[in-house]
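The values are calculated or read from the model by the stated rules, or taken from the named source; none is laboratory data. The structure displayed is predicted, hence computed values, not measured ones. FYI the Cβ positions are ideal-geometry reconstructions off the backbone, even for glycines, and counts take in every protein chain you see.
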Amino acid sequence: MDSRNKYEQWSDVQIYLTDNYLDFIDCTGLAQYCKGDTCYGRFNEGQIECFHEQFQTPWDHDDHMWCNCQPLECLDDSRFVIYDDGYGETSGCEKLVGVWKHLQSTSAASSVSFQEGFKRTEGWSFSTTEEFTTSVTETAKAGIAVEGVGSAEASVSTTMSQTLSNTHSESFSEEESESTTQSFDFPEAGTVWQWQYEFYSPRAGSEPVITKTKDLTQTAGDFAPPCCLPGYQDGDTCADGPTLCEETPAPAPATV
């Protein structure tokens, strides 16, 4: 088994023997046409002919050959993608996760500094910022996951996911740097949290691209993380969307 990010689950190679070059195999992952010690392959989703022109194999049809498939499963509703980055194809799973991150704890009123924008990973292979932004936007259309207490993930509706990605489009389109540093004054003591996104993609490597937004909020302390999505806090409840905190069970009725 192999995994490039936590949403990608690559399985062992499956071998298909065939005497008919028109035979189809089901392969979502890496499909290969093999002869001798050499295989030519391409990433694929769904069915593909075992001997396919897109393999760009130099051999003519042979009465005996085999095809391989290394299946890829995209976990937790992540999005299967195939990219051509100019050096060849790459495939994997993309997922956008939103989470409140601890920024600073204060014992009195204070000014809190923070940065906005995305930070490139070591495995970054997006050719432009626009290409990264487009991938984030397309993934958001499939739904954003949000991380709450205990690292448990909850799903957000498609409509709300697109609203969130549109709201933070500026953050996805600029790279984090000293020039994106800002500050905000909080009049009371407490813990300040920043809304951030983790974008998992085969073009980011094994680690996610972290995007920091302008959305900050303050709670009484580290023990009380925010319970609502940014912009949806309405008093002690959430105006819409999932609740990110564990619900306290109602006390059992007293017995006599």
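Couple of notes before you dig in:
- Scope segment 103-118; condition in a strand (DSSP E or B) and farther than 15 Å from Phe186 by Cα; matching residues: Gln115, Gly117, Phe118
- Set Gln182, Gln194: member being polar (S, T, N, Q) and either surrounded by 20 or more Cβ atoms within 10 Å (Cβ to Cβ) or under 20 Å from the mean Cα position of the chain (by Cα) (or both): Gln194
- Scanning segment 182-206 for residues that are more than 26 Å from Ser110 (Cα to Cα) and modelled with pLDDT of 95 or more turns up Glu198, Phe199, Tyr200, Ser201.
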